[in-house]
Each structure stands twice: as C-alpha cells, then as structure tokens.
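Q: Before I ask anything, let me first share the structure, which is written out below as structure tokens.
The values are calculated or read from the model by the stated rules, or taken from the named source; none is laboratory data. Everything numeric in this text was worked out from a predicted model, so none of it was measured. Don't worry about glycine lacking a Cβ; one is built from the backbone with ideal geometry, like all the others, and counts go over all protein chains shown.
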Amino acid sequence: MAGYAVVDVETTGKFPEAHDRVVEVAVVQVSPGGDVENCWTTLLNPGRDLGPQHIHRIAAADVLGAPTFDQVAGHLASMLAGRAFVAHNASFDARFIRAEFEALGHEVPLVRETCICTMRWSSHFLPSTPRSLAGCCERAGITLENAHAALVDATATAALLSHYLRCMGIRGDGGGAAGGAPVWSDALELAETAHWPEIPVHDVQYAHRGNAVDHEVRFLERIVEHLPQAAGPEGHQEYLALLDRALLDRFLSVRERDALVETAQALGIDRPTASRLHQEYMRAMVTAAVSDGEVTDADVSELVDVAGLLSLSAPDVLAAVREASAPGACRSAGGAEAATAVPCGAFRLHPGDRVVFTGEMSLPREDWVARSAAVGLVAHPSVTKSVALVVAADPDSLSGKARKAADYGIPIVNEYAFAQMLAAIG
C-alpha cells in the first residue's frame, strides 16, 4: 500500500460553497508504518481577500506572487493519488480541496470512505482529550508551535497519525514497512484503487510565508538608474503626490511600491532624481514636525521609519532635524521652498467624505462605521470614483474593492492609520 497523504489547508473562510478559497496547502506523505516520506507546501493566490488574517497570519503581499490553485493542481493530485486522505477534521479539508478541483472541472475521489479523520479517532486513541489538534498533540506528547500554518499543522497531524498506528502495534522500520492491519484498512484499500484524473503538472515557483520580505527589493533600487531628463517640476509634483498618498499609513504596500516604480518610469524620473525628491520629501516632513513645536522621540521614530521606506538613513533624519531646529531655519528661503515644494500631508479627510472598508479587521466592521459616522464620514458599500479613502485589513488586499481603488488612484490605508485620521478630524 502507498500509505497516507496528511493534508492541512488555510482558507479565506469556512464555506467553499460561499466562494471561500484555499490560501495555503500542505501535504505530508506518510508510509503505511507511519514514517514521513515527503512533504510539500505553498501559499496560493485566491484572487480575493484573505479573510480572517488574524487567524492564519498570512500577508497579502506574500500571496500576490503565489501560484493559483490551477497551477499546482497537477502536483497536488500526484501527491494525493493512491493514498488515504488524512486531516484533523478531515471533512473540512477534503471539502475545500474537492471544491477547488471541481472549480477546474475535475472530479476527485475525496469522499468519506477514502478519508481518515484524526479528530474523529481521538476519542478512541486519546479518550477524554479535547478534540482540537492542539489538545490531541499535547496529550500525545507532540510539539505543536505556530499553529494555523499549513505545514506545521499537517506535520503535527502526521505525528498524531503515527501515534495512533503505534497504539495499534503498527510501526515503521524506517523503510516504510508495517506490521498488522490498521482499523481503517478499508480506507487505505479504496484510496489505493480510486481513480484520479490526469492533470498536467506545471513548473511554477511555490511561495511561502515571509516570501515578500525575503525577496523585497527597495523600490528606489528598481527605478531605472539613468533616463533622459524628461521630467520637469510638474512631473516631480505628480510623483511626490503619489508618494504622499502611499505614505498616509507610514507603510508601503507591494502595490504602492509597484505604482511608484511605474510612475517614475512613465514620468522619466531616474533613480538619482527620485533619491533627491525623497530627500526633499523628508525635509518637508521634518520642517512640518519642527513647526508644530518640540520634536518628540515619537516624532523622530516616525521620521526614521519613513526614511527607511525612502532608502534614507537615520543620520539623514537627525541631521535634517538639527538643521530645521536651528534658529532662523524655518525663515530661510531654502526651508520655505522645501516646505512648499512637496505636498507632504496634503491628503485630509473631511466630514461628508465617503470611506469604504474591506477585509476582516481587528475591530468589528460596525465599530469602524460608527466611529466614522461620529465625525461626519460616510461609510460606503462599494468603491466608486467619489470615494475618498479605502480602509483595508491589509493594504495589499486582493479584494475587488482594493483592486478597484488602486485602479482609481484612491488611497488605501490600514485601520491604525485610519484611527489617527479619525482623531485628527475629531
């Protein structure tokens, strides 16, 4: 017998029938005797928002370049074919995997008779134990850290399966051999002969958590180093205005970095020019901070964070603060010119502005709607050109609202930045 395919999925929600999708999948192949033979995992681009990100902790930036399910379907099918499907709460995982294949027109033999649920069998092998994966693992002496990551949970479930096999006196010998027959031998036999469709295997780059950070290239370095000097003052202002909108939440999403690179290219702004504009932008921020009075440690920390996004250093910021704080600095022609040349902080929300929310945030949606209404903002159900701002659980959200906002050039910010905007209005 080929053995088992232990599977875990992370999803955008609980119901594939309601268009929830798989955003991460992992498979651990286990021999009939309980030995791990192979493992595989990847994030998936679901083409929609990621749902409860506070549970699965997957960043939208990481799935932007991830393969779609149809691109991994062939490889996944090859890992599942001929093996009993195993999962903790197997009906959930099997339902999602089956729905993804069905959406591509493939009928796969993921039915109750070919599945083994380690949660259902816990009452037999681990009586009086909580049914959760964490509870079962604790009782069986299995380490489970960073739960709700597909490969972590699948690996723990594979260890739990091996524990059950040992309870039945079935042990691997390192080569996959087993003695005796498990109580679910029918599932193994049916799975081995079940027909799987032939699905082409694509050569794609799999994606993992943290992938965006690991491969991040500062957007300034992606701007062409030398271009014909085509951009004039108007082009510079357009670039700076986009930079200002992008930095509203003091964070540059992947989408915003791409837009800045594309805008610089379209306007004929080369890397040295962009670097100079970044320095002007930072000087304008420093001038604004100094003009408000004392520059606090929190102000400096925020300025340093923004400087890092602009490929500037902390010493650059500190030098600019000292320069702007010097007596008469704000009255100098250079200081005034720098302050007015950059549209720093130009974006403001006003009572009556329409705001759209997307994604599952840390606060319930109705709380944000109520807080918005309290300062005169209008929560709008959809993105139109009349909308002033989109508030997203993740600024790189793949939701239709976020994609439409990006097309219209509407700023997208996270909820923490939005809270500060509300305080400014109030």
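Q: Go through region 347-371 residue by residue and tally those that are touching a residue at least 12 places away in the same chain (Cβ under 8 Å), part of a helix (DSSP H, G or I), touching a strand residue (DSSP E or B) at 6+ places or on another chain (Cβ under 7 Å) and among the charged types (D, E, K, R).
A: Residues in region 347-371 being touching a residue at least 12 places away in the same chain (Cβ under 8 Å), part of a helix (DSSP H, G or I), touching a strand residue (DSSP E or B) at 6+ places or on another chain (Cβ under 7 Å) and among the charged types (D, E, K, R): 0 in total.
Q: Would you confirm, using the coordinates I've provided, whether Gly33 is part of a loop (DSSP other than H, G, I, E, B), farther than 19 Å from Ile199 by Cβ and over 14 Å from the mean Cα position of the chain (by Cα)?
A: Working: part of a loop (DSSP other than H, G, I, E, B): yes; farther than 19 Å from Ile199 by Cβ: yes; over 14 Å from the mean Cα position of the chain (by Cα): yes.
So Gly33 passes the test.
Q: Within region 267-276, is there a residue that is free of Cβ contacts under 8 Å to residues at least 60 places away in the same chain and either within 21 Å of Met421 (Cβ to Cβ) or in the same structural domain as Pro411 (by TED's automatic domain parsing) (or both)?
A: Checked against the condition, which is being free of Cβ contacts under 8 Å to residues at least 60 places away in the same chain and either within 21 Å of Met421 (Cβ to Cβ) or in the same structural domain as Pro411 (by TED's automatic domain parsing) (or both), region 267-276 yields no hits at all.
Q: Are any residues in region 385-408 closer than 20 Å to Leu240 by Cβ and either in the same structural domain as Ala241 (by TED's automatic domain parsing) or without any contact (Cβ under 8 Å) to a residue 60 or more places away in the chain (or both), and if so, which ones?
A: Ala388, Leu389, Tyr408
Q: Scan the helices (runs of 4 or more DSSP H) fully inside region 42-123 and keep the ones with 1 or more residues being closer than 14 Å to Asp20 by Cβ and among the charged types (D, E, K, R).
A: Counting at least 1 such residues, we get 90-103.
Q: Further question: Considering region 124-139 alone, what residues qualify as being part of a loop (DSSP other than H, G, I, E, B) and more than 28 Å from the chain's Cα centre (by Cα)?
A: Selection gives Leu126, Pro127, Ser128, Thr129, Pro130, Arg131.
Q: Could I ask something else about it? With respect to Val254, determine if the residue is without any contact (Cβ under 8 Å) to a residue 40 or more places away in the chain and β-branched (Val, Ile, Thr).
A: Answer is no for this residue.
Q: Only one of these is modelled with pLDDT of 95 or more and closer than 21 Å to Arg403 by Cα: Arg48, Arg21. Name it.
A: After applying the criteria, what remains is Arg21.
Q: Do you know which of the residues in region 140-151 that are in a loop (DSSP other than H, G, I, E, B) and within 31 Å of the chain's Cα centre (by Cα) is surrounded by the fewest Cβ atoms within 10 Å (Cβ to Cβ)?
A: Of the residues in region 140-151, the ones in a loop (DSSP other than H, G, I, E, B) are 141-149.
Of the ones still in play, those that are also within 31 Å of the chain's Cα centre (by Cα) are 142-149.
Working: Ile142: 18, Thr143: 10, Leu144: 20, Glu145: 7, Asn146: 10, Ala147: 16, His148: 16, Ala149: 20.
Checking each candidate, the answer is Glu145.
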